[in-house]
1. Can you tell which of 110, 52 is modelled with pLDDT of 95 or more, charged (D, E, K, R) and farther than 20 Å from residue 2 by Cβ?
2. Tell me, yes or no, whether segment 151-159 has at least one residue that is part of a loop (DSSP other than H, G, I, E, B), touching a Ser or Thr at 6+ places or on another chain (Cβ under 7 Å) and over 24 Å from residue 33 (Cα atoms).
3. Give the residue that is farthest from residue 109 (Cα to Cα), with candidates limited to residues of segment 9-44 that are among the basic types (Lys, Arg) and surrounded by fewer than 13 Cβ atoms within 10 Å (Cβ to Cβ).
4. Go through segment 63-89 and report how many residues are in contact with a strand residue (DSSP E or B) (Cβ under 9 Å, 6 or more places away or on another chain) and either over 20 Å from residue 140 (Cβ atoms) or aromatic (Phe, Trp, Tyr) (or both).
5. Pick from segment 45-68 the residues that are charged (D, E, K, R) and in contact (Cβ under 8 Å) with a residue 40 or more places away in the chain: which of them is surrounded by the fewest Cβ atoms within 10 Å (Cβ to Cβ)?
6. Given the conditions (1) closer than 25 Å to residue 32 by Cβ; (2) buried (at least 16 other Cβ atoms within 10 Å of the Cβ); (3) under 16 Å from the mean Cα position of the chain (by Cα), which single one is not true for residue 114?
7. What are the residues in segment 39-54 that are more than 14 Å from residue 85 (Cβ to Cβ) and part of a loop (DSSP other than H, G, I, E, B), if any?
8. Considering (1) over 25 Å from residue 143 (Cβ atoms); (2) touching a residue at least 24 places away in the same chain (Cβ under 8 Å), say which one residue 38 fails and leave the rest.
Amino acid sequence: MLPALPLPFAFPSRAGDAVLRRATEADADGVIALLADDPISAARGDVADEGDRPAYVRGLREILDDPSNDLLVVELGGALVGTLQLTSIPGMARRGARRLLVEAVRVRSDLRSAGIGSAVMRWVGEAAAPALGAAIVQLTSDAARTDAHRFYERLGYVGSHRGFKLSVPGV
């Protein structure tokens with residue numbers, strides 16, 4: 001958990017007033033549903049299968065127990081409608097600059113374009129990164145997510161690097 005994050009963060013959206021807050025174990029099913037609501041995540045196996053729930057809960061616990069990580073959720077009208085993971089990374093490059101890595105950003109499909117993602121990502125750059133002493137906010141986005149790429153570019157993110165991944169067999 002990143003205790004320095006200025007949470008909760010309340011904000012208006014076109015769908016109503018929302019709150020960004022730290023996830024708890026009780027939010028596991030809502031986060032799983034958000035992952036499964038995304039076609040690219042679902043194609044990778046995030047299909048909200050009940051048999052996978054223990055693995056998701058273990059992952060959530062590990063994130064919340066790690067002092068360099070946090071999982072946040074967006075609540076709107078009592079329902080979870082968004083999530084993202086933040087990781088604070090110390091570094092040597094750029095004269096020891098700390099980076100804030102943003103991963104697994106999801107907004108429920110029927111609420112995209114309601115201003116929820118924009119508000120959350122502005123909060124990341126304007127409030128979370130400074131609170132954590134991060135000089136850079138970075139993220140990766142699947143090459144197939146062209147709408148997401150336009151979204152991040154509208155918010156000022158620059159496509160500066162090409163990412164690579166290696167799947168580890170048996171893990």
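1. On the way: 52 fails: modelled with pLDDT of 95 or more.
Unique residue meeting the criteria: 110.
2. Taking segment 151-159 and keeping what is part of a loop (DSSP other than H, G, I, E, B), we get 155-159.
Pick out the ones that are also touching a Ser or Thr at 6+ places or on another chain (Cβ under 7 Å) and you get 155.
Those left that are additionally over 24 Å from residue 33 (Cα atoms): 155.
Among the residues of segment 151-159, at least one is part of a loop (DSSP other than H, G, I, E, B), touching a Ser or Thr at 6+ places or on another chain (Cβ under 7 Å) and over 24 Å from residue 33 (Cα atoms), which makes the answer yes.
3. As a first pass, look at segment 9-44 and keep what is among the basic types (Lys, Arg): 14, 21-22, 44.
This time we only want the ones that are surrounded by fewer than 13 Cβ atoms within 10 Å (Cβ to Cβ), so: 14, 44.
Values: 14: 14, 44: 17 Å.
Only one residue tops the list, namely 44.
4. Of the residues in segment 63-89, the ones in contact with a strand residue (DSSP E or B) (Cβ under 9 Å, 6 or more places away or on another chain) are 63-64, 66-77, 80-89.
The next check asks that each one be either over 20 Å from residue 140 (Cβ atoms) or aromatic (Phe, Trp, Tyr) (or both); those that pass are 64, 67, 73-77, 80-81.
The number of residues fulfilling the criteria is 9.
5. So the first thing to find is which residues in segment 45-68 are charged (D, E, K, R), and the list is 46, 49-50, 52-53, 58, 61-62, 65-66.
Subset that is in contact (Cβ under 8 Å) with a residue 40 or more places away in the chain: 65-66.
Working: 65: 9, 66: 14.
In this case the residue turns out to be 65.
6. (3)
7. Restricting attention to segment 39-54, the residues satisfying the condition of being more than 14 Å from residue 85 (Cβ to Cβ) are 39-40, 42-45, 47-54.
Residues satisfying the conditions are 44, 45, 47, 48, 49.
8. (1)
The values are calculated or read from the model by the stated rules, or taken from the named source; none is laboratory data. Predicted, not measured: the structure shown is a model, and the values here were computed from it. So basically every Cβ, Gly included, is an ideal-geometry build from the backbone, and we count neighbours across all protein chains shown.
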